[in-house]
1. Farther than 16 Å from Phe186 by Cβ, touching a strand residue (DSSP E or B) at 6+ places or on another chain (Cβ under 7 Å) and exposed (fewer than 15 other Cβ atoms within 10 Å of the Cβ), is that true of Gln252?
2. Of the residues Leu296, Leu348, which single one is of a type in the set (A, V, I, L, M) and surrounded by 13 or more Cβ atoms within 10 Å (Cβ to Cβ)?
3. Checking Ser404 against (1) within 16 Å of the ligand (Cβ to nearest atom); (2) open to solvent by 40 Å² or more (accessible area, probe 1.4 Å); (3) modelled with pLDDT under 95; (4) not in a helix (DSSP H, G or I), only one condition comes out false. Which one?
4. If I filter segment 416-442 down to residues being in contact with a Ser or Thr (Cβ under 7 Å, 6 or more places away or on another chain) and under 18 Å from Leu378 (Cβ atoms), which single residue comes out as farthest from the ligand (Cβ to nearest atom)?
5. Which numbered condition in (1) in a helix (DSSP H, G or I); (2) farther than 15 Å from Ser47 by Cβ; (3) out of contact with any Pro (no Cβ under 7 Å at 6 or more places or on another chain) is the only one that Ala74 fails?
6. Residues of segment 35-44 being open to solvent by less than 30 Å² (accessible area, probe 1.4 Å), out of contact with any Lys or Arg (no Cβ under 9 Å at 6 or more places or on another chain) and part of a helix (DSSP H, G or I), which ones?
7. Inside segment 261-280, can you point out the residues that are in contact (Cβ under 8 Å) with a residue 24 or more places away in the chain and touching a Phe, Trp or Tyr at 6+ places or on another chain (Cβ under 8 Å)?
8. When you go through Ser213, Ser163 one by one, which is the residue that is in contact with a helix residue (DSSP H, G or I) (Cβ under 9 Å, 6 or more places away or on another chain) and free of Cβ contacts under 8 Å to residues at least 60 places away in the same chain?
Amino acid sequence: MASHQERASFELLLEISRELASSLDLGTVLARVLFLSTRNVGAERGSLIALDETGEPIEAAIVIEDAIHRPTVAEMREVLEYGLAGWVAAHRQPALIGDTSKDERWVQRADDRAETNRRKSAICVPLLAQDQLVGVLTLVHAKPGFFTPDHLRLLQTIADLASLAIRNAQLFHSVQAAQQRYRDLFDDSIDPILITTLEGTIIEANRQASTVSGHALPHLVGQSLDVFHPADWEVVRNYLTQGESFQPVTYQGTARRRDGREFPVEVYVRRVVLQGETYLQWTLRDISERKALDALREDLAAMIYHDLRSPLANIISSLDILNSLLPLENMPALKPVFQIAMRSTDRLQRLISSLLDINRLEAGQPITNRKPVHPLALVQEAREAVQPMVEGKQQTLIVELPQSLPVVWVDGEMIRRVLINLLENAIKYTPTNGTLHVGGSAQGEFVELWVQDNGPGIDPAYHELIFEKFSRVQGERFPRGLGLGLAFCRLAVQAHGGKIWVESETGKGSRFIFTLPVYRETQST
Ligand code: ADP
């Protein structure tokens, strides 16, 4: 027959099991387990500290004469670093101390010192879950020799039960935290995000989707995505057939508010797997402002070049007439002034021609004015055009072009402007005293030309973007510009069947490279 003692222990364990199952809140679990253990054993005080995977205390309870306290993290660390609990945590072994005054593992606490009787007994066990230390349980009794090996066994059983509960609470806590993080990210996104089935039925939407669409969240769920955005299913189906790509597919479309108003959106669609099922995640970015700005810029550009063209042509012809009428060689004061006027009008004309070319080339018009041209001639002309700028910044421009390069098949005037653009950028973005190189080599059917500077370089993240219209790398150290130069260069080079790209690292200068087709005898103008 079980002794009274055994029955009491058994009941205690049962009660603790029930308590452990009743809550997933770690603080509550610890406090209840500790409270039952101290009361049942008749201990004067006790502590139960839970640890995370790295051994850091995350939660604890202390019971002193039937009152429960929740210590601070600093207090928990102190308990763990010194004394008995620290020893047990480090050795992962239980300890039973009959007389605390005779055991060096026992460290007097500040509040103990006031007590007359410094001789106590203590018992301490590690809480292990799947070999991981998840906590330490300590009980202290006012009398020495109070605890027996039976107590130790009982406490170890309690510890085993509690460690599983702590582990569960830890896991529950981290799952909950992850879920909350995901929910917050989802809801805080400034873009509407919707999750749909593969057929387009909305199963979830974030707050912004509801705000922007004007539909209440419960109204959106269960509806077809069409109520907010008529999807481009062709693009999406194509994306879905591309295997396991987790890169989103993107396209531009429209979104419709509840009141019927529409706005342009950039749509990112991604396949997501939730609980084994495949869904689509749609992020709709409002691009009305971007579109309006682009339209404004286009209008502005159109206006500038149409309204500037004829007055500029007048200035140029007037300068030509002056040039032929005035004996400039005999007028040293006038000559440099005249040269400045000529150079500035040249620049303006180049800018306007490039703006016009952008429009033409974007519309897909082919290059009609092709001729066989030697790359060296192109480079020399470009060099002459930028020489005053180079001198103005005390820079050095080195041309390393082999004479033997084959002749290329190009619109010489246009490619000269490409080179001038690249050179002007190199000069503009490179500090005073910098060095610029222009070089080239034959690469089969193409000639490769490059312009290199030792300026600030370009972050790889921008290597594609800088060739887009109006795109500029933001930064105080960069001079102002329209962001059209490289867009023109790319359109011009591509229209010739060539490629243009940049090789650069921040702080290490940039090298812009482009290719031009080699002239073949059989080609005709
Ligand atoms: P813009 O010079 O008018 O801004 P571009 O299209 O010529 O327009 O150039 C786009 C952007 O590329 C520039 O704003 C600048 O940030 C970057 N860039 C171009 N050339 C260089 C260069 N040689 N070194 C560093 N940055 C450059």
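1. It is true that Gln252 is farther than 16 Å from Phe186 by Cβ, touching a strand residue (DSSP E or B) at 6+ places or on another chain (Cβ under 7 Å) and exposed (fewer than 15 other Cβ atoms within 10 Å of the Cβ).
2. Leu348
3. Looking at each condition in turn, Ser404 falls short on (1).
4. Arg417
5. The single condition Ala74 does not satisfy is (2).
6. Within segment 35-44, Leu36, Ser37, Val41 meet the criteria.
7. Once the filter is applied, which keeps residues that are in contact (Cβ under 8 Å) with a residue 24 or more places away in the chain and touching a Phe, Trp or Tyr at 6+ places or on another chain (Cβ under 8 Å), segment 261-280 yields Val267, Val269, Arg270, Arg271, Val272.
8. Just one listed residue meets the conditions, Ser213.
The values are calculated or read from the model by the stated rules, or taken from the named source; none is laboratory data. Only a predicted model underlies this, so the values are computations on that prediction, with no experimental measurement involved. Because the Cβ atoms are built from the backbone with ideal geometry, glycine has one as well, and the counts that use them run over all protein chains shown. Ligands, DNA and RNA are stripped out before the accessible areas are found, and what is left, the full protein with its side chains, is counted by its heavy atoms. Shrake-Rupley method; radii C 1.70, N 1.55, O 1.52, S 1.80 Å.
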